[in-house]
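Trainee: Before anything else, here's the structure in question.
The values are calculated or read from the model by the stated rules, or taken from the named source; none is laboratory data. As the structure is a prediction and not an experimental result, all values here were calculated from the model. Cβ coordinates were reconstructed from backbone atoms using ideal geometry, including for glycine residues, and neighbour counts include every protein chain displayed. Note: areas computed on protein heavy atoms with side chains; ligands, DNA, RNA excluded. Shrake-Rupley method; radii C 1.70, N 1.55, O 1.52, S 1.80 Å.
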Amino acid sequence: MRQDSLTVNTTLAAGDSGQVTVAPKPHELTPKEVLSWLPANATPAQQDSAIQRHIKISEIHWSEQPDTLHMPGHPKGKSFRDASLPQYYRESFFSKDSLFHPELTGGRLGVAGDPVPYSIASDNLITGLLLGCFILALLALAKSREFIIRQAKNFFYVQRANTTEITETSGELWVQLFLVVQTCLLFSIIFFSWQRTGVTDTFVLDQYQVIGIYTSVIAGYFILKMILYWGVGRVFFESKKIEQWSKSFLFLIAGEGLLLFPLVMLLSYFDISIHSAVIYTLIVVIFVKILTFYKTYLIFFQKKGLILQNFLYLCALEIVPLLILWGALLLINSFLKVNF
């Protein structure tokens, strides 16, 4: 390195005239100048060593001038390194109050957002229930396939007076009972979805309790119809015809549930419109009522040819209980929904 160019001594020279000459100040090197002395292939370690040798960091001298920029609450000229807060920031009016406890949480901060709307698709319990119904229905249909086929044939077949009927086993009766309960559950889910879409989505009870109440009411409707059919049949018809109609009635309720199951799945998980769901449900109900009219005519009124009496019979035992069920569901829903 050029040592003579790096250090410049300050000398005082006294001339004959007595004048004093001051030598120039030493030149302050820059990192660029130091790196320019090194070869082009110098490693980063060599560059760092050269800079550390020739460039010395001088002591930092902070300005003694007052700082005109200051924090809120601090006077002008106060050092920014002084982080002490004034007293009115550290103490409040209630600091010495015995009831003042800032260490205790005062609740949730902010404003609560809108809750996520309820949907059956995101409900694990209803999803598990529908999945269980689907699996049990498949098992029941696979195990009782011959029984269901026999019931379907007997529904459209006019039995003779001396025909021997095949009695159902306990397993077949349990299958029918399960399908009837499934029908009640599916009707309640459809009515619950219609209420949430067209009437209200807020209830005073949990959604499981609301669906349970709807299911119980619909189950009570079917039980009431069975009692009415049995009571009227005991007065006007033979016991054998009453038994035939009871089996056909259970078959109709079970078939109604099987027809509604695809609708409930589409309504719950594929966002089908509630308008289309209501139309489909009405078609299924009307279709079942037509089959009911046909079967009651075959069992009770075919030999007598009394079609008018069949209409009156169905109006008294089908249409009136259905209207009562609809009114009861609307009345119960008026008590369950939240009225703002």
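Trainee: Hey, does region 203-213 have a residue that's touching a helix residue (DSSP H, G or I) at 6+ places or on another chain (Cβ under 8 Å), surrounded by 16 or more Cβ atoms within 10 Å (Cβ to Cβ), at pLDDT 90 or above and under 15 Å from Leu177 (Cα atoms)?
Mentor: No, there is no match, as no residue in region 203-213 is touching a helix residue (DSSP H, G or I) at 6+ places or on another chain (Cβ under 8 Å), surrounded by 16 or more Cβ atoms within 10 Å (Cβ to Cβ), at pLDDT 90 or above and under 15 Å from Leu177 (Cα atoms).
Trainee: If you go through region 225-246 one residue at a time, do you hit one that is surrounded by 13 or more Cβ atoms within 10 Å (Cβ to Cβ), touching a Pro at 6+ places or on another chain (Cβ under 6 Å) and in a helix (DSSP H, G or I)?
Mentor: Taking every residue of region 225-246 in turn, at least one turns out to be surrounded by 13 or more Cβ atoms within 10 Å (Cβ to Cβ), touching a Pro at 6+ places or on another chain (Cβ under 6 Å) and in a helix (DSSP H, G or I).
Trainee: Given (1) touching a residue at least 60 places away in the same chain (Cβ under 8 Å); (2) loosely packed, with under 15 Cβ neighbours inside 10 Å, where does Gly327 come up short, assuming only one miss?
Mentor: Going through the list (1) touching a residue at least 60 places away in the same chain (Cβ under 8 Å); (2) loosely packed, with under 15 Cβ neighbours inside 10 Å, Gly327 breaks only (1).
Trainee: Return the residues of region 176-205 that are more than 28 Å from Pro117 (Cβ to Cβ) and touching a residue at least 40 places away in the same chain (Cβ under 8 Å); say none if nothing qualifies.
Mentor: Across region 176-205, the qualifying residues are Gln176, Phe178, Leu179, Val180.
Trainee: Could you check, for region 247-262, whether at least one of its residues is surrounded by fewer than 14 Cβ atoms within 10 Å (Cβ to Cβ) and within 30 Å of Ile135 (Cβ to Cβ)?
Mentor: The answer is yes; a qualifying residue exists.
Trainee: Residue check: is Lys295 in contact with a Pro (Cβ under 6 Å, 6 or more places away or on another chain), open to solvent by less than 50 Å² (accessible area, probe 1.4 Å) and assigned to a helix (DSSP H, G or I)?
Mentor: It is false that Lys295 is in contact with a Pro (Cβ under 6 Å, 6 or more places away or on another chain), open to solvent by less than 50 Å² (accessible area, probe 1.4 Å) and assigned to a helix (DSSP H, G or I).
Trainee: Give region 214-232 a look and list any residue that's free of Cβ contacts under 8 Å to residues at least 60 places away in the same chain and either small (Gly, Ala, Ser) or over 17 Å from Thr281 (Cβ atoms) (or both), or say none.
Mentor: The answer is Ser216, Ala219, Gly220, Ile223, Met226, Ile227, Trp230, Gly231.
Trainee: Next question, about the same structure. Quick one: Phe100 ticks every box in (1) over 20 Å from Phe270 (Cβ atoms); (2) surrounded by 11 or more Cβ atoms within 10 Å (Cβ to Cβ); (3) out of contact with any helix residue (DSSP H, G or I) (no Cβ under 8 Å at 6 or more places or on another chain); (4) at pLDDT 80 or above except a single one, so which number is it?
Mentor: Only one criterion is unmet by Phe100, namely (4).
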